[in-house]
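K.L.:
Quick one: the structure is below, and I'll ask about it shortly.
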Amino acid sequence: MSQLHQIALTFLKNIGHGMGKVLVSHLGSAEAVFNASSNKLLSIPGVGEKTIRELNFDEALQKAADELKFVEKNGINVLFYTDAGYPKRLKNCFDSPVLLYYKGNADLNNRKIVSIVGTRNATDYGRRLCEELITELQQYDVLVVSGLAHGIDVIAHKECLKNKVATIGVLGHGLDRIYPAANRITADKMLEDGGLLTEYPSNTIPGRENFPERNRIVAGMADATIVVEASVKGGALITAEIANSYNRDVFAFPGRVGDVYSEGCNFLIRNNKAALLTCAADLAYSLGWEKSDDTKPVEQFLLPLDLSAEERTIFEILQQHSAALAIDDLTIKTNMPMSQLAMNLLNMEMQGFIRSLPGKMYRVS
């Protein structure tokens with residue numbers, strides 16, 4: 001009954017996500033945590049006598065048994081952080097949940113995943129940007145993640161449904177309810193091509209503190225977070241900050257000066273916390289995406305004739321690597337001074353031979 005113990009681990013007092021993972025890594029499994037002696041537990045770094053005194057094994061197992069019944073009755077997938085189906089991008093985040101509850105059919109490890117966030121008070125401008133973005137994203141076989149809140153979140157989910165783009169709603173409560181209730185119809189439709197995801201068991205109410213926590217899943221699951229429209233205060237900027245802390249790309253649509261609900265986006269761009277976005281093509285270019293029909297002509301693999309000797313050297317090195325190379329690696333491999341290399345790279349990019357990616361990375365176009 002390992003799944004029972006995995007769920008029970010999340011009901012233990014004073015054992016958060018980080019400590020839960022520490023216990024499992026030392027003892028081998030969630031079940032082993034419940035069978036370990038006090039001395040064995042005390043030998044694990046971070047576990048003290050007070051922690052052991054307050055461990056509520058029996059109560060946690062009973063709660064887990066009730067939750068397991070709910071999960072089985074409602075066709076919910078339980079994803080422990082060691083499972084293959086657990087979102088790999090999220091797993092790499094230091095504060096990722098030890099366990100997730102998921103209902104749906106989308107691949108949480110899709111090759112391309114973006115999060116779309118924004119204000120609950122979306123304007124016509126924000127709505128239009130969101131609609132155009134998702135219409136353009138359709139060609140890239142992307143999974144869109146958001147928080148199923150009022151405003152930009154639900155607009156993004158609805159546009160995904162309309163354009164047959166898979167979409168996941170990350171909830172700040174259990175899967176026994178939908179909050180806000182007005183979004184229930186959208187949530188039900190999302191189960192057909194996408195899904196609903198949460199770290200919270202059933203009977204968890206949508207408390208205020210849950211939503212900032214929920215935002216780390218929205219940010220952590222994706223390659224990039226897109227802020228469509230946001231004020232300076234609010235969940236969208238929190239999500240952008242979390243994405244930055246995970247070293248994920250953040251993009252924001254600019255707004256007019258003085259628009260309250262674009263102040264947050266302009267703030268992110270002005271302070272280099274987000275790259276400026278005007279359309280999905282900007283995003284695809286920055287992330288190095290190819291369209292679904294990414295058949296490349298043979299000519300692209302041939303060495304261009306109108307390159308200088310230095311540029312040809314750079315091109316050959318980049319061509320030998322399927323992944324992008326950092327500028328620091330290139331300066332070592334080419335044995336060129338950084339200033340000279342940067343000038344050559346800029347010239348090659350302007351001619352369309354190479355493309356630059358976030359983090360000073362370069363690859364052949």
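K.L.:
When the Karplus curve 6.51 cos²θ - 1.76 cosθ + 1.60 is applied with θ = phi - 60°, which whole-Hz ³J(HN,Hα) does each residue of the stretch 181-193 get, with x for Gly and Pro?
P.N.:
3J(HN,Hα) across the stretch 181-193, in whole Hz: 4, 4, 9, 4, 4, 4, 4, 4, 5, 5, 5, 7, 8.
K.L.:
Turning to a different aspect of this structure: List the pairs from Lys21/Lys360; Lys73/Lys162; Lys91/Lys162; Lys21/Lys88; Lys50/Lys88 whose alpha-carbon separation is above 23 Å, in the order I gave them.
P.N.:
Flagged as over cut-off: Lys21/Lys360; Lys73/Lys162; Lys91/Lys162; Lys50/Lys88.
K.L.:
Quick check: the angle from helix 210-220's long axis to the longest principal axis of the chain, C-alpha only, nearest 10 degrees?
P.N.:
40 degrees
K.L.:
Could I ask something else about it? Just for the Cα atoms in the stretch 2-73, what are the lengths along the principal axes, largest first, rounded to whole Å?
P.N.:
If we take the Cα atoms of the stretch 2-73, the spans are 39, 22, 20 Å.
K.L.:
So for the chain, taking the charge dipole from beta-carbon charges (+1 Lys/Arg, -1 Asp/Glu), which of Asn77, Leu23, Cys93 sits furthest toward the positive end?
P.N.:
Leu23
K.L.:
Please get the size of the charge dipole for the stretch 115-268, origin at its Cα centre, with Cβ charges of +1 on Lys and Arg and -1 on Asp and Glu, quoted in debye to the nearest 20.
P.N.:
With only Lys, Arg, Asp and Glu charged at Cβ, the dipole is about 340 debye.
K.L.:
Here's something else I'd like to know. How big is the dipole moment of the chain about its Cα centre under a simple scheme where the beta carbon of each Lys and Arg is +1, that of each Asp and Glu is -1, and everything else is neutral? Debye, nearest 20, please. Show your work: numbers first, answer last.
P.N.:
Values: 38 positive and 43 negative charges, 147 e Å.
So the dipole magnitude of the chain works out to roughly 700 debye.
K.L.:
Write down the percent of antiparallel bridges among all DSSP beta bridges whose residues are both part of the chain, to the nearest 5.
P.N.:
Here the antiparallel bridges make up roughly 40 percent for the chain.
K.L.:
Can you tell which of Gly359, Gln320, Met338 lies farthest toward the positive end of the dipole of the stretch 298-364, using +1 and -1 charges on the Cβ of basic and acidic side chains (Lys, Arg; Asp, Glu)?
P.N.:
Going by the charge dipole, the pick is Gly359.
K.L.:
Specify the angular offset, from 0 to 90 degrees and rounded to the nearest 10, of the alpha carbon long axis of helix 124-137 from the longest principal axis of the alpha carbons in the chain.
P.N.:
80 degrees
K.L.:
Which whole-number percent gives the relative contact order of the chain, counting Cα pairs below 8 Å spaced six or more residues apart?
P.N.:
Numbers: 629 pairs, mean separation 44.9, N = 365.
Relative contact order here is 12 percent.
K.L.:
A further question follows. Suppose R0 equals 35 Å; then what is the FRET efficiency for Ala342 and Glu241 from their Cβ-Cβ distance, rounded to the nearest 0.05?
P.N.:
E between Ala342 and Glu241, to the nearest 0.05, is 0.75.
K.L.:
Would you mind pulling out the separation of the Cα centroids of the stretch 120-176 and the stretch 178-214, in Å?
P.N.:
14 Å
K.L.:
Taking the stretch 13-87, which chymotrypsin sites (Phe, Trp or Tyr not before Pro) meet the DSSP loop condition and have no more than 12 other C-beta atoms within 10 Å? Please list the in-between numbers first.
P.N.:
Values: sites: Phe34, Phe57, Phe70, Phe80, Tyr81; in loops: Tyr81.
Hits after loop and neighbour filter: nothing returned.
K.L.:
Taking DSSP loops as anything outside H, G, I, E and B, show the longest stretch in the chain free of GluC sites (Glu not before Pro) there with at most 12 other beta carbons within 10 Å.
P.N.:
Details: sites that count: Glu54, Glu192, Glu209, Glu290.
Within the chain, the longest run free of exposed GluC sites (Glu not before Pro) spans 55-191.
K.L.:
Let me ask something additional. Please list, by residue number, every one of the trypsin sites (Lys or Arg not before Pro) in the stretch 83-160 that is coil in DSSP and has at most 14 other beta-carbon atoms within 10 Å.
P.N.:
Arg111
K.L.:
Most exposed first by the Cβ proxy, i.e. fewest other Cβ within 10 Å, how do Ser245, Ser115 rank? Please list the in-between numbers first.
P.N.:
Numbers: Ser245 14, Ser115 29.
Ordered by Cβ neighbours within 10 Å, fewest first: Ser245, Ser115.
K.L.:
Apply the a/c threshold of 1.5 to the C-alpha gyration tensor of the stretch 181-227 and tell me whether it is rounded, prolate or oblate.
P.N.:
Taking the square roots of the gyration eigenvalues as a ≥ b ≥ c, the stretch 181-227 is oblate.
K.L.:
Moving on to the next point. Using a basic spin-label model with each label point 7 Å from the Cα along Cα→Cβ, how many nm lie between Ala65 and Arg128?
P.N.:
6.0 nm
K.L.:
Once log10 I(q)/I(0) by the Debye sum over Cα atoms at q = 0.12 Å⁻¹ is worked out from the coordinates, which option in (1) -0.86; (2) -1.04; (3) -0.95 does it equal?
P.N.:
Correct label, based on the coordinates given: (3).
K.L.:
Also: I'd like the orientation of helix 338-350 relative to the chain: the angle between its Cα long axis and the longest Cα principal axis, in ° from 0 to 90, rounded to 10.
P.N.:
With both axes taken from Cα atoms, the answer is about 80 degrees.
K.L.:
Take the Cβ-Cβ distance between Gln319 and Gln138 as r, set R0 to 35 Å, and report the resulting FRET efficiency rounded to the nearest 0.05.
P.N.:
0.65
K.L.:
Same structure, new question: What list of whole percents do you get for P(r) of the stretch 113-287, with Cα-Cα distances grouped in 5 Å bins up to the one holding the largest distance?
P.N.:
2, 9, 20, 24, 22, 15, 7, 2, 0
K.L.:
Given H placed 1.01 Å from N in the peptide plane, which residues other than close sequence neighbours of Ala326 have an amide H under 5 Å from its amide H?
P.N.:
Hits under the 5 Å cutoff: Tyr362.
Taken together, the values in this text are just the output of simple stated rules run on the coordinates, not laboratory data. None of the values given here were measured: they were computed from a predicted structure. All Cβ positions, even for glycine, are placed from backbone atoms using ideal geometry, and neighbour counts span all protein chains on display.
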